[in-house]
Amino acid sequence: AAEHSEEIPEEKSEIELDYPQTELLFYDNPSQIEFDAHVLGIYENNIILDQTFFYPEGGGQPSDIGYLDIRGEKIKVLHAEKLDNIVLHRLKKEDIQKVHPYKGQIIQGHVDPTRRRTLTQNHTATHLIIAAARSVLGDHIWQAGAQKGVDKSRIDISHYKRITPAELEEIEFLANKLVMDNIPVNTFWLDRTFAEKKYGFILYQGGVVPGMHIRTVEIEGTDVQACAGTHCNQTGDIGLIKIIKTERIQD
């Protein structure tokens, strides 16, 4: 057989930002959407603040959007992402120039409340559907992926056969019963070793999270996951859950 040689592409150098870690305010005050922050700097089309209420995209949850209020001028925040624990708030290219003069000064941030509320409801709803599916289909059910959205969300679960209409109806019924039970949703930080001993690896059904301290989301008596997303305070805040369809990934 002939030998083939392929050029190995050069690895791209990792981006290193020389800024302190962004303080994530939404964990301590999940319902607040307005905040003050110092402008630390600019990176490409992004503004870096010392603290933020904008949830950066991650864990299958899209980022918050909204605007910055700079001396009465509203500048749209199009997207937020986290890079090495620093949150980048993406602005329009032409708006970046408006921010430059305010480095080191305090500005105001405003998160879109409707989008945040909807994403929060959808995220907590996915946890309920996973719990309901495990109850109906069996303990082997495992979340393999998820994508939350504003209008609808998608959950990928492991199962050995197609879900029947009757099973789907039962899952939906049980998920909505959990909503009506208005169960408290508790979020707290735990040492990884302690959390694993207490809950087991069911914590990581949404994926393994980094760090020795993990944020744990527990719906009392129903579901527990290591999860960094935003969540309702109680399941009744979700409202009606409707499962639109189910399909096999290979289809």
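The values are calculated or read from the model by the stated rules, or taken from the named source; none is laboratory data. Small disclaimer: the values here were computed from a predicted structure and weren't measured. Methodologically, a virtual Cβ is constructed for each residue, glycine included, from the backbone with ideal geometry; neighbour enumeration extends over all protein chains shown. Calculation scope for accessible area: heavy atoms of the full protein, side chains included, ligands and nucleic acids excluded. Shrake-Rupley method; radii C 1.70, N 1.55, O 1.52, S 1.80 Å.
Per-residue SASA remark: GLU44, around 130 Å² accessible (1.4 Å probe; ligands, DNA and RNA not included). Neighbours of ALA133, meaning other residues whose beta-carbon lies under 11 angstrom from its beta-carbon, give a summed charge of -4 when Lys and Arg score +1 and Asp and Glu score -1.
If the chain linking ILE244 and ILE202 were pulled fully straight, counting 0.36 nm for each residue of separation and taking away their Cα-Cα distance, it would gain 12.5 nm. Label reach from ASP251 (point 7 Å along Cα→C-beta): in region 137-161, amide nitrogens under 12 Å belong to 161. When you restrict to C-alpha pairs under 8 Å that are six or more residues apart and normalise by the size of the chain, the relative contact order lands at 17 percent. Which pairs in the list LYS74/LYS242; LYS82/LYS242; LYS103/LYS148; LYS76/LYS148 are over 25 Å apart, alpha-carbon to alpha-carbon? With Cα atoms farther than 25 Å apart: LYS74/LYS242; LYS82/LYS242; LYS103/LYS148.
Each distinct pair of alpha carbons in region 66-138 adds a 1/r term; the inverse of their mean, the Kirkwood radius, is 15.1 Å. Solvent exposure of the chain, expressed per residue, is 59 Å² of accessible area, with all protein chains present and a 1.4 angstrom probe. A cut-off under 14 angstrom between Cβ atoms defines the neighbours of SER158, and their net charge, with Lys, Arg +1 and Asp, Glu -1, is +2. Relative contact order for region 47-111: 36 percent, from Cα pairs under 8 Å spaced at least 6 residues apart, divided by residue count.
For region 74-196, the relative contact order is 16 percent, taking Cα pairs closer than 8 Å that sit 6 or more residues apart in sequence and dividing their mean separation by the residue count. Here the chain is described by how far its Cα atoms reach on the three principal axes: 65, 61, 37 Å, from widest to narrowest. Each eigenvalue of the Cα gyration tensor of region 109-156, multiplied by 5 and square-rooted, gives one semi-axis; in descending order these are 26, 9, 7 Å. Extents of region 147-229, largest first, come to 41, 30, 27 Å (Cα atoms, principal axes, whole angstrom).
Kirkwood Rh over Cα pairs of region 63-195 into Stokes-Einstein at 10 °C, 1.306 mPa s: D in µm²/s? Rounded to a whole number, D works out at 87 µm²/s. Considering only the other residues whose Cβ falls under 14 Å of the Cβ of GLN105, what net charge follows from Lys and Arg at +1 and Asp and Glu at -1? Counting the neighbours of GLN105, the net charge comes to -1. The share of accessible area on region 87-191 that comes from carbon and sulfur is 52 percent, using a 1.4 angstrom probe. When each of the peptides 19-31, 153-165, 222-234 is scored by the mean number of other C-beta atoms lying within 10 Å of its residues, the order from highest to lowest reads 222-234, 19-31, 153-165. Between the C-alpha center of region 13-69 and that of region 112-151 there is a gap of 24 Å. Put HIS110, HIS140 in order of accessible area, highest first, and with a 1.4 Å probe you get HIS140, HIS110.
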